[in-house]
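In what follows, a structure is listed as structure tokens, so that the remarks can point back to it.
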């Protein structure tokens, strides 16, 4: 080698395609995935989670995740059946994953895009669809959401490896309880059982036997009215404690702060100026206060949701890029030949759309009096929103129904003016499809990490959503009387927001009291500003910035709810 010449370097080995590596090292084609017992037990667990989620949702406005609880319950249930010698073959890792997918599809039917719209429909309209009609409606919307997830799964999970944090955590939980510490899995299942029994006994003592009061407050007064009238009380509802335990500390203290400012500081000033609505002859009540505070609260949620969505412009750009790539045959051909035999075929997406769109449009016209042209427009809009919502969920673990719902409500306020029912349920199409697409992708992330069969998970999700649709409507009628939604006992904050945003876009914000209009503007700006501040603050500073979600919700639920969720 001549002096002064640079030594030759060996070329770097080519990076192996992630799908090729997965097929070779992770995929387990011979392990049982979707079995009959996985479907049956998954539906049963999903039914229990669906029922509990209905209760939690209408009490707090939150829907609790299903997958982590479901995989632990499934593991402990099968272990107990093994010990009793009722079954011989233990529950496998991938079988648990398929079971959890079924349970998630069923149990998450109650999440915001569905329950909020259905509750809002019953709160402010006289429309009362039949049970069968609503079951078919929810099943069709959820099934289309499943098919929307199929063409974007490979891009978001296989190629870009988006985190889908809940899906990743579920994979680690399943792997741990099956292979590392089975005893911990049984212990977690026993803890869930004992907690449920304790909560059930307390509920009986409080609601049936009246031995325990539902709430308590010191004997002080504000403007001649006891603290309990202002909802400044402690409730004996464990569901609020449980829901709060699953929130971040930042969300918890934001709820406490927002609730205190709303009910201890703002509410007395509203009462002074005659802005507290008289409910059932009561001059002061949390329901009467919320009749005014819901407007700034909803504006905070909408402003924060839209701003957070807009600030993530890179994800939005990638979403549209991915949408174009989905129809690019050359790009699809380079994604690994062997994976095609394993993944759900991409043609299932257009086939699902062709099969499901006509009945969805027909139900929108027949059940909700939505013009055919507007109903037809709703489906491609919802598919696009579902694609975007899936990416946001993959990157943040939050499905942005609070942002995408109002966008749809605004659009339909323009194209179907005066149609309140149509406005509410058109947004249900968007929210429901985005919700179930993101839910399937979350469970597909779990399956990707464990080596499961994607097609089996698609089947599992379809089993789950059909079963969930069949359960949610009768469960709703069993648990909730629609006339009490928005009351102290059933605040249903997400329904209240959904209903009033639709009402505002249909009737026009100018119909509201002048003070409410100002509150909406200030709330929207507050939500926008707080979200921008949060986005660009340092990581250490973010823990001290109030959560706009927590502040907004705190203005729509009684302070006693916020206090218990903080505790």
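Each reported figure results from applying straightforward, stated rules to the coordinates on display, with no laboratory input. A quick note: this is a predicted structure, and the numbers were derived from the prediction, not measured. Using ideal geometry, Cβ is built from the backbone for each residue, glycine included, and neighbour counts are taken over all protein chains shown.
P(r) of region 132-182 in 10 Å steps, Cα pairs, percent per bin?
That works out to 21, 28, 29, 20, 2, in percent per bin.
Give me the extension gain from residue 25 to residue 415: residue separation times 0.36 nm, minus the current Cα-Cα distance, reported in nm with one decimal. Mind dumping the intermediate values first?
Details: separation 390, 0.36 × 390 = 140.40 nm, distance 5.20 nm.
Length gained, residue 25 through residue 415: 135.2 nm.
Quote to one decimal, in nm, the extra length available between residue 540 and residue 342 on full extension: 0.36 nm per residue of separation minus the C-alpha distance between them.
Stretched fully, the residue 540-residue 342 segment lengthens by 66.9 nm.
On average over all directions, what projected area in square nanometres does region 71-184 have, based on the convex hull of its Cα atoms?
Working: hull surface 41.5 nm².
Quarter of the Cα hull surface area: 10.4 nm².
Two decimals is fine: what's Rg over Rh for region 450-512, C-alpha atoms, Kirkwood radius as Rh?
We get a ratio of 1.22 for region 450-512.
Hey, what does the equivalent ellipsoid look like for region 109-159, semi-axes from the Cα gyration tensor as sqrt of 5 times each eigenvalue, largest first, whole Å?
30, 12, 6
Can you give me the distance in nm between label points at residue 567 and residue 81, each placed 7 Å from the Cα along the Cα-to-Cβ direction?
Label at residue 567, label at residue 81, 3.9 nm between them.
Which whole-angstrom value gives the distance between the alpha carbon centres of region 481-532 and region 152-174?
Centre-to-centre distance over Cα atoms comes out at 35 Å.
Full-extension gain between residue 215 and residue 17, please, as 0.36 nm times their residue separation minus the C-alpha to C-alpha distance.
Going from the current span to full extension adds 65.4 nm.
State, to one decimal in nm, how far the label point of residue 366 lies from the label point of residue 522, with both points 7 Å from Cα in the Cβ direction.
4.9
Ranked by Cβ crowding within 10 angstrom, fewest neighbours first, how are 175, 391 ordered?
Lowest to highest Cβ neighbour count: 175, 391.
Would you list 539, 282 from fewest to most Cβ contacts within 10 Å?
539, 282
When 178, 436 are ordered from fewest to most other Cβ atoms inside 10 Å of their Cβ, what list results?
Lowest to highest Cβ neighbour count: 178, 436.
Can you tell me the Rg and the Dmax, both Å, for the Cα atoms in region 46-113?
13.7, 42
Between residue 478 and residue 273, what is the spin-label point distance in nm, taking each point 7 Å from the Cα along the Cα→C-beta axis?
So the two model labels end up 4.6 nm from each other.
In square nanometres and to one decimal, what's the mean projected area of the convex hull around the Cα atoms of region 394-548?
That works out to 13.1 nm², a quarter of the Cα hull's surface.
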